[in-house]
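Working notes, beginning with the structure itself.
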Amino acid sequence: MTLGNPDRPVGGLAVPRPAGVELRPFGRDDFADALALVRELYALDLHAAPDPHRSAFEALVNDVDATPFLAVADGEPAGLVIHRLRRRLNHATFEGWISDLVVREAFRGRGIGRSLVSAAVAEWRLRGGHVLELEVSRERTAARALYESLGFVDQGKYFEIGPVRTRGVSPVDGLEIRPIIVDDADFEAVTRLLAELGRPAPTDERLPALRRTYDQHVLREDTGSLLAILDGTPIGFVSLELRQPFFTVAPQAWIPDLIVTDAARGRHVGAALLEAAFAEAMRRGAYAVALESGHHRAVAHRLYLAAGMSDVGSFYTLAR
């Protein structure tokens with residue numbers, strides 16, 4: 001897809017905005033304003049040295065798969081939204097993710113948050129993503145109401161552990177947990193396991209795109225996904241990705257997928273996979289590990305809580 005040189009605004013630039021409010025993509029000169037906004041959102045030290053975060057901010061501005069927007073009201077930075085596109089295993093199209101949304105308290109009630117989220121939605125639709133996801137803490141009731149009014153649906157729980165720690169869980173006899181590699185056998189095993197979890201099953205038409213996504217995932221430096229093999233048969237998988245907010249020094253580890261085959265359940269394979277993922281996150285210097293889990297996955301929820309994770313909020317999705 002190419003947008004060429006459109007003669008009218010497209011994507012987030014075409015979204016209506018309140019009177020007196022400018023909505024525009026991040027530029028390099030927005031570093032100080034953006035850092036102050038997210039520090040206010042997450043109650044971080046407003047006076048900490050900014051320089052350690054400058055290179056990550058510039059990487060965000062230069063990332064072709066990121067569309068961060070800044071809202072300026074009455075000449076003052078009033079809010080921001082950070083939207084990214086990310087690949088998911090077993091999907092041929094991008095998934096959108098709103099990682100951060102903040103509107104300063106003095107500017108709330110003017111529709112700025114709605115315009116910012118709408119800009120992210122417009123960018124996601126423009127790129128042809130299959131779903132748009134975000135997470136929100138339980139106490140942010142106004143944000144929840146905003147998302148629901150825009151069509152987002154509460155899909156389940158959001159778990160996090162930080163600092164990351166392991167419990168000393170040992171795999172059962174005969175269970176091997178190892179990194180996935182670029183080869184046909186691992187690709188077929190991971191694809192089959194993810195289809196069992198509910199991800200799209202591969203078709204002949206989609207298979208080349210799924211294989212490209214898989215190979216790229218394995219070769220990326222910010223992944224550490226693991227396969228569980230029992231007596232020579234793949235029976236479980238956990239995907240692990242590192243994501244780097246521009247306002248933290250250490251990355252956050254994210255677990256998009258954790259699956260154990262029905263035949264292997266009850267043998268603590270899930271606990272061993274989660275333990276191995278935590279250990280890999282610690283080795284990579286992650287400050288936390290996060291994951292989402294659907295409302296119906298009560299057994300998985302007990303596993304996450306037993307591993308020391310906290311139920312900190314919800315995740316919402318918007319479907320095409």
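Taking max minus min of the alpha-carbon positions on each principal axis, the chain gives extents of 65, 45, 35 Å, largest first. In order along region 298-309, the phi-based Karplus estimate (6.51 cos²θ - 1.76 cosθ + 1.60, θ = phi - 60°) of 3J(HN,Hα) comes to 5, 5, 5, 4, 5, 4, 5, 5, 5, 7, x, 7 Hz; Gly and Pro are listed as x. Pairwise alpha-carbon distances in region 25-99 exceed 20 Å for 37% of all pairs. One decimal place: the segment residue 19-residue 138 gains 39.8 nm when fully extended, by the rule 0.36 nm per residue minus the C-alpha distance.
With the simple model of a label 7 Å out from the Cα in the direction of the Cβ, residue 62 to residue 306 spans 4.6 nm. Residue separation of residue 231 and residue 10 scaled by 0.36 nm, minus their Cα-Cα distance, works out to 74.2 nm of gained length.
Summarising the strand pairing of region 163-318, around 80 percent of its internal DSSP beta bridges are antiparallel. Across region 93-136, Cα-Cα distances exceeding 11 Å account for 67% of all pairs. For 262, 204, the ranking by accessible surface with the largest value first comes to 204, 262, using a 1.4 Å probe. Which one, 241, 58, 160, has the greatest fluctuation when you compute a Gaussian network model over the chain with C-alpha springs under 10 angstrom? Maximum among the listed residues: 58. Semi-axis lengths, largest first, of the ellipsoid equivalent to region 95-224 are 36, 22, 13 Å, with √(5λ) applied to each eigenvalue of the Cα gyration tensor. Each residue of region 219-226 was assigned a 3J(HN,Hα) from its phi angle through the Karplus expression (A = 6.51, B = -1.76, C = 1.60, θ = phi - 60°), giving 7, 5, 7, 9, 10, x, 6, 10 Hz with x at Gly and Pro. Probing with 1.4 Å while keeping every protein chain in the model, the per residue accessible area of region 175-215 equals 54 Å².
Among 223, 166, the order of accessible area from largest down is 166, 223, computed with a 1.4 Å probe on protein heavy atoms. Estimated at 0.36 nm per residue, the fully extended path between residue 282 and residue 42 surpasses their Cα-Cα distance by 84.2 nm. Between the C-alpha center of region 254-273 and that of region 96-166 there is a gap of 29 Å. The fraction of all Cα pairs in region 125-187 landing in successive 10 Å bins from 0 to the largest distance is 13, 25, 26, 24, 12, 0, given as whole percents.
What the pair-distance distribution of region 177-320 shows, using all Cα-Cα distances binned every 10 Å from zero, is 10, 40, 38, 12, 0 percent. Give me the percent of the accessible area of the chain that comes from carbon and sulfur atoms, probe 1.4 Å, all protein chains in place. Accessible surface attributable to carbon and sulfur in the chain totals 53 percent. Across all directions, the average projected area of the convex hull around the alpha carbons of region 1-132 is 9.2 nm². With contributions of -39500 (n - 2.57) from each DSSP H run of at least four residues, the per-residue ellipticity at 222 nm computed over the chain stands at -9000 deg cm²/dmol.
Of interest is the spacing of the C-alpha centroids, which for region 194-226 and region 14-69 amounts to 31 Å.
The values are calculated or read from the model by the stated rules, or taken from the named source; none is laboratory data. Source: prediction; values computed, not measured. In this analysis, Cβ positions are derived from the backbone assuming ideal geometry, glycine residues included, and neighbour counts consider all displayed protein chains. Ligands, DNA and RNA are stripped out before the accessible areas are found, and what is left, the full protein with its side chains, is counted by its heavy atoms. Shrake-Rupley method; radii C 1.70, N 1.55, O 1.52, S 1.80 Å.
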